[in-house]
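J.: Next up is a structure, given as structure tokens.
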Amino acid sequence: IFSDSICVPGFDPSLSMMTGITPINPMIPGMGLVPPPPPTDVPVVKEIIHCKSCTLFPPNPNLPPPSTRERPPGCKTVFVGGLPENATEEIIQEVFEQCGDITAIRKSKKNFCHIRFAEEFMVDKAIYLSGYRMRLGSSTDKKDSGRLHVDFAQARDDFYEWECKQRMLAREERHRRKMEEDRLRPPSPPAIMHYSEHEAALLAEKLKDDSKFSEAITVLLTWIERGEVNRRSANQFYSMVQSANSHVRRLMNEKAAHEQEMEQAKESFKNALTGILTQFEQIVAVFNASTRQKAWDHFSKAQRKNIDIWRKHSEELRNAHSEQLMGIRREEEMEMSDDDSGDNPSKKLRVDDSALAAQAYALKEENDSLRWQLDAYRNEVELLKQEKGQLFRTEESLTKDQQLQFLQQTMQGMQQQLLSIQEELNNKKSELEQAKEEQTHTQAMLKVLQEQVSVSGQRKMLEINVLTVALVNQDREKNSEKRSPGLKSEKEALLIGIISTFLHVHPFGANIEYLWSYMQQLDSRISANEIEMLLMRLPRMFKQEFTGVGATLEKRWKFCAFEGIKTI
């Protein structure tokens, strides 16, 4: 029974395949009555297909092939449209069973149906019938004919089966890879046996054998890490550890033998490199002799060019080999100096002298080759001048020489000016350094004087402040006794109350600016002078004190009305 969920309108056909199924060519000869499709570059020629109940007429070959939608993954269902109205399910099965086994047909009342096949390749055969005109029997009635349109259909069952198949293929692939990894994995090391006296005796014999030592030492390490050592087996383990220690001398002897082999190989390589360098020196000497004037003049221009190229290449190789040989000698000298640890300074001097002599010889050879090369270039220039007949100077050459001389003179003058400017700059720098030193000295002296003055000034200021405070307090006491303070208005009484409350919660007092900033929040028209005059008018309620020393000296007002009450 075919399910109702054949067509899925919200299906996404762009789902990627997990392993990738290559499309199968369904048109294999002998698979059905439908002929195989021809190649794409050959025009398609379809034939008439005769059935028992109907006849299928091919479309016009000149028309383009019918369009199809993108094939969903695992598609086994096709949509067939354009059926004749009188077509029955038996006739549809008779036509499309030529493409393969049909599992279900779902026919609609509107001249279309969905057909599900057993395999995917059968869908391609059914698509081949798209465009055919179907006629039932020999009737010419309109209801007995129709043009077929076959296209891929999206079905949940097809997609579910395809997903199951992909999961199965993925499982098989994982299993195959696991089997391949297991096959290529190196074999696990053999399991280490548990400790026993018999096994310990066998292991002691293996530890004495050089060929089985590495295997036996692994077993011994495992036993010790497992905690097999106890009072009963301590002596046996000690003898095995002692056997392991006896191999240290053998390993050191092997290392010394390998080091000796390495030294011999180094010595043979150094000797071979010395021989190669000697031959390079001989080849370079041949090239240098060829570049001298006696032989150089007889070579042609092309020959001279080749000789010059060969000489440069040989000199580069010679220098590279000499640097390599010098590096080897330097390493040997460094090793010898490390071994001697500075006991033979005369030996070091000899080594340094030999290195300097070798460098001087190499520089001398390079200087000679450059000089010979310069002579060769000069001879070549003279020959070219003689060939071209330029034995006298033209006016242009004379003017060029004059310009060159003028430029040389100007360059000399500029060099002299630069030298004089450099001298002046050096003099200015020295004067600037002297001025800086004097400035630092004066600044240090000034700091010392300032410290002395500040200390004495602070003391004097402190004494003056104390005296002034005392005098002011005496004057205020006298004035307060003479005066009979009184409040002029209700505003002053309100201000006194607010100031008293503010200073009462500030037992250490507050300066006039702090008090004024607070009062301005209540009355923006009030000034600091008014507040200060009001406080000075009431010396029994408010008193002024000085805090701090020197630059930090500050006047603060305090509320003292309660102190006067206590004294009374």
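The values are calculated or read from the model by the stated rules, or taken from the named source; none is laboratory data. Every value quoted in this text rests on a predicted model; they were computed, and no experiment measured them. Because the Cβ atoms are built from the backbone with ideal geometry, glycine has one as well, and the counts that use them run over all protein chains shown. Just so you know, the surface numbers come from the protein's heavy atoms only, side chains and all, with ligands and any DNA or RNA stripped out. Shrake-Rupley method; radii C 1.70, N 1.55, O 1.52, S 1.80 Å.
J.: Kindly indicate which of L317, L251, L277, L325 is open to solvent by less than 90 Å² (accessible area, probe 1.4 Å) and in contact with a His (Cβ under 8 Å, 6 or more places away or on another chain). Steps first, please.
T.: Working: L317 fails: in contact with a His (Cβ under 8 Å, 6 or more places away or on another chain); L251 fails: in contact with a His (Cβ under 8 Å, 6 or more places away or on another chain); L325 fails: in contact with a His (Cβ under 8 Å, 6 or more places away or on another chain).
Answer to the check: L277.
J.: So, in the stretch 280-314, exactly how many residues are open to solvent by less than 70 Å² (accessible area, probe 1.4 Å), more than 20 Å from L363 (Cβ to Cβ) and charged (D, E, K, R)?
T.: 3
J.: Something else now. Output the number of residues of the stretch 206-233 satisfying the condition of being in contact (Cβ under 8 Å) with a residue 24 or more places away in the chain, surrounded by 12 or more Cβ atoms within 10 Å (Cβ to Cβ), farther than 18 Å from S196 by Cβ and under 51 Å from the mean Cα position of the chain (by Cα).
T.: Qualifying residue count for the region: 2.
J.: Something else: Determine, yes or no, whether I105 is open to solvent by less than 40 Å² (accessible area, probe 1.4 Å) and under 58 Å from the mean Cα position of the chain (by Cα).
T.: Here the answer is no, as I105 does not meet what is asked.
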